[in-house]
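Engineer: Would you mind keeping the following structure in view while I ask a few things?
Each value in this text was obtained by applying a stated rule to the coordinates, not by laboratory testing. All values reported here derive from a predicted model rather than from experimental measurement. Cβ placement follows ideal geometry from the backbone for every residue including glycine, while neighbour counts extend to all protein chains displayed.
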Amino acid sequence: MGSLYLRHNLSGHIKSLSEFPADTLPPVLAVFFAFRVMVGLGLLMLLFSVAANVQRWRGKLFNGRRLLWGLVWMSPSGFVAMLAGWCVTEWGRQPWTVYGLLRTAQSVSPLPLSWMIASVTGVLLVYILSFALGLRYLLRYINSPLPQEPEVVASMLKTSSSG
Ligand code: HEM
């Protein structure tokens, strides 16, 4: 499978890590775990969406507390998986900025420290602002009434009348 994916044939050679000089390797352990966090969460998302659709199909989406609590706990999973994926690519490409051509150590900015601090602060402020606005929107959306699908409303009414 790896040969097919990376070399586009069935008998390609994929070098092992030990075949590379030690000073060209990324921090392998960190990449190993970040990748598994990302893929693990991706599979969990798939599992939860299949389970939720099965429950919806059976008309019981709003009756199972375990599934609903699981979905609540899964809320930050997209964000965490995205950060883990980002760690995979950023750690995984070390010590290179451009593989084989430019090392990270050589691509350090020549600008003065004060300029770097100012630009990082600017980026952080924009991100914090957009994150806060996004979170506010999400919380409002979660607190707003559910979309009015007839079978959903019927199933909720059934649940609340049966206590
Ligand atoms: C379900 C199984 C998943 C597999 C097999 C997978 C696979 C990969 C691989 C191979 C990379 C590295 C790509 C590269 O080297 O350029 C990657 C990067 C990444 N992944 Fe995943 N991923 C999965 C799930 C997810 C999920 C659920 C998220 C987020 C919700 C996610 C977000 C990311 C991000 C943000 C990157 C970095 C992209 C970049 O910086 O270019 N991944 N993923």
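Engineer: Could you let me know the centre-to-centre spacing of segment 78-134 and segment 25-63, using Cα atoms, in angstrom?
Structural biologist: Centre-to-centre distance over Cα atoms comes out at 26 Å.
Engineer: Counting other beta carbons within 10 Å of each residue's own, what order do 15, 60 fall into, fewest first?
Structural biologist: Fewest-to-most ranking of 15, 60: 15, 60.
Engineer: Another question, if that's okay. What is the spin-label model distance, in nm, from residue 58 to residue 120 if the labels are put 7 Å beyond Cα along the C-beta direction?
Structural biologist: Distance between label points: 5.2 nm.
Engineer: Return a whole-number percent for the relative contact order of segment 28-152, with Cα pairs under 8 Å and 6 or more residues apart as the contact set.
Structural biologist: 29 percent
Engineer: So how much slack lies between residue 106 and residue 29, counting 0.36 nm per residue of separation and subtracting their Cα-Cα distance, in nm?
Structural biologist: Gain on extension, residue 106 to residue 29, equals 25.3 nm.
Engineer: Tell me the angle of helix 113-143 to the major Cα principal axis of the chain, expressed in degrees between 0 and 90 and rounded to the nearest ten.
Structural biologist: With both axes taken from Cα atoms, the answer is about 20 degrees.
Engineer: Would you look at the GNM of the chain, springs on alpha carbons closer than 10 Å, and say which of 26, 95, 76 moves the most?
Structural biologist: Comparing 26, 95, 76 in the GNM, the peak value goes to 76.
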